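The structure appears below as structure tokens.
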Amino acid sequence: MNTQTLCVLGGTGFVGRHLVTRLANQGHRVKVLTRHPQRHREIEILPGTTLVGADTHDPTALQEQFAGCDAVINLVGVLHEYPKQTFRAVHVELPGKIMEACRVAGVKRLLHMSALHADAAQGPSQYLFTKGEGEQAVLAARDLAVTVFKPSIIFGPDDNFYNQFAGMLKFSLVLPLACPNSRFAPVYVEDVVAAFERALHDKSTIGQSYELCGPQVFTFKEIVEDIARMLGLKRWVVGLPDGLARLQGKIFGMLPVKIFTTDNYLSLQVDSVCTCNSLEALGITPHSVESIMPTHFADRTQRRRYDALRREARRN
């Protein structure tokens, strides 16, 4: 396997941490760009990995950091908009800056993270629409060797999706859920990063777009009910009718910290299920949720029991 020098944008996020770890352990030299290097010092422990403080939206900084790299990997994406973080800036303008910086720095290989059913023509939400625009732009760059990945929701022991709902279920006997019948095919984070790594060494992936899904399809409600079951909690997950789901998105979207917005509601109108799962074509056998998450949640439940016993012992 040829050792490469790689620059990763979004390397401090959930998928990024797993990918950088995998690439570093495979012997690659990895440069991770972040605005806040002081928050992610644990990444520098990885062999051959450098954490660089840089504004990833600054074209000059990108050109400087891409110089001497064999490939660039863009994992940057947002689920919620804020005044200084818009969908268009992150999903459309940033890929444009990355492509131009690759050209200036002489980097030919680009791996890009899109989203399942991103669509620049008919995306129902700004998230899917802008993701589609960014994807369309990078695939149209004929002077670059581009591969695009389009995953369903990505899960793992340190994810945000499963763990966020686990936290909500812990404190709520009844959980009202928008769009309960929306469907997902959750894909394991290590399967996703394996796809990225294989693409680096396989020229046949150039110019291709790969949908990535797990082996099972669940409704949103089934996922949340499964989380409660794995936690050993008896909870009532109540699916909201469409009107209340829209209202929930509107109200929650006005909160300072976004957990659900109208744009999220619109994204959920499209099932996050693959038309053709590309993992097997890449030689990767997808892992199921049941093979990974029950052990994680069982460990959490056991730790809570130990903590409760310790507290009781101290009182006695």
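Using bins of 5 Å that start at zero, the share of Cα-Cα pairs per bin across region 151-275 amounts to 2, 10, 17, 20, 20, 14, 8, 5, 3, 1, 0, in whole %. The HN-Hα couplings worked out from phi for region 279-290 by the Karplus form 6.51 cos²θ - 1.76 cosθ + 1.60 (θ = phi - 60°) are 4, 5, 5, 8, x, 10, 8, x, 8, 8, 4, 5 Hz, whole numbers, x standing for Gly and Pro. Spatially, region 1-40 and region 237-262 are offset by 35 Å when compared through their Cα centroids. Annotation for region 51-118: trypsin sites (Lys or Arg not before Pro) lying in DSSP loop with at most 12 further Cβ atoms inside 10 Å of their Cβ are 84.
Remark: relative contact order (the chain) = 16 percent; criterion is Cα-Cα distance under 8 angstrom and separation of 6 or more residues. Can you bin region 27-67 into rounded, prolate or oblate? Criterion: square roots of the alpha carbon gyration tensor eigenvalues sorted a ≥ b ≥ c, rounded for a/c under 1.5, prolate for a/b above b/c, oblate for the rest. Verdict is oblate for region 27-67.
In the frame of its principal axes, region 70-135 has Cα extents of 36, 25, 16 Å, reported largest first. May I ask for the angle, rounded to the nearest 10°, between helix 94-105 and the longest principal axis of the chain, with both axes built from Cα atoms and the value confined to 0 to 90°? Taking Cα atoms only, the helix is inclined about 30 degrees.
On the principal axes of its alpha carbon atoms, the chain extends 63, 48, 39 Å, with the longest extent given first. Anything over 27 Å Cα to Cα? Flag those among 131/250; 31/97; 108/258; 131/221; 221/250, in the order listed. Violating the 27 Å Cα-Cα cut-off are 108/258. Mean residue ellipticity at 222 nm, helices only, the chain: -12000 deg cm²/dmol; runs of at least 4 DSSP H residues each add -39,500 (n - 2.57), and the sum is divided by the number of residues. Two numbers describe the Cα atoms of region 1-110: Rg and Dmax, which are 13.4, 44 Å.
FYI, it's all coordinate maths here, none of it is from the lab. Please read these numbers as outputs of a predicted model, since none were measured by experiment. All Cβ positions, glycine included, derive from the backbone under ideal geometry; neighbour counts span all protein chains shown.
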